[in-house]
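K.L.:
This structure is in structure tokens; I'll ask about it shortly.
Taken together, the values in this text are just the output of simple stated rules run on the coordinates, not laboratory data. Everything numeric in this text was worked out from a predicted model, so none of it was measured. Note that each Cβ is placed from the backbone with ideal geometry, even for glycine, and that neighbours are counted across all protein chains shown.
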Amino acid sequence: MRAIRVLPPGPLAPAAHPTGPDSEAATPANPPARTAQEPSAGYQQALDAHRASRRTAVVDPRIRAAAERQARSQAREPAHLFGDGQAVVEELRERAARQVAADTTRARALRRLADERAGRVSSTPQRLERPA
């Protein structure tokens with residue numbers, strides 16, 4: 001095929017139907033219109049047969065619960081596969097905690113220096129009392 005010919009919109013020409021007494025009896029003049037709400041009789045029969053043949057098995061609740069537990073446990077990935085990643089996460093948490101402590105110490109030192117320069121605090125070290 002080298003080209004596609006697009007037809008203009010409009011009524012289609014009637015197709016050539018065989019004429020004769022057999023062709024008129026085979027196809028009704030006006031077939032009933034089918035909608036999604038009204039499926040054909042053949043579809044209804046097939047659907048009814050399917051529903052009738054479907055097994056209605058009664059499953060023991062203990063078996064159902066065991067199957068659900070098994071499905072949940074299979075969905076989880078084993079923790080030992082993530083050992084390296086968990087160690088890295090813990091190391092990052094420790095590093096972040098040390099950084100926060102260092103930042104806090106630096107902020108206190110800068111605040112004390114500013115207070116000493118402003119004359120609000122004496123620069124002589126104070127003796128800390130030991131807890132009992």
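K.L.:
Just report the Cα centroid separation between the stretch 39-54 and the stretch 84-110, whole Å.
P.N.:
Going from one Cα centre to the other spans 68 Å.
K.L.:
Something else now. Peptides 98-105, 55-62: what's the order by average Cβ count within 10 Å, highest mean first?
P.N.:
Values: 98-105: 10.0, 55-62: 6.2.
Per-residue Cβ counts within 10 Å, averaged per peptide and sorted highest first, yield 98-105, 55-62.
K.L.:
Using the Karplus curve 6.51 cos²θ - 1.76 cosθ + 1.60 with θ = phi - 60°, what ³J(HN,Hα) values do you get for each residue of the stretch 81-89, in whole Hz, with x for Gly and Pro?
P.N.:
Computed from phi, the couplings for the stretch 81-89 are 6, 10, x, 5, x, 5, 5, 5, 4 Hz.
K.L.:
Next question. Enumerate the amide H contacts of VAL121 below 5 Å, restricted to partners 5 or more residues apart or on another chain; note that Pro and chain-start residues carry no placed amide H.
P.N.:
Here GLU116 satisfy the definition.
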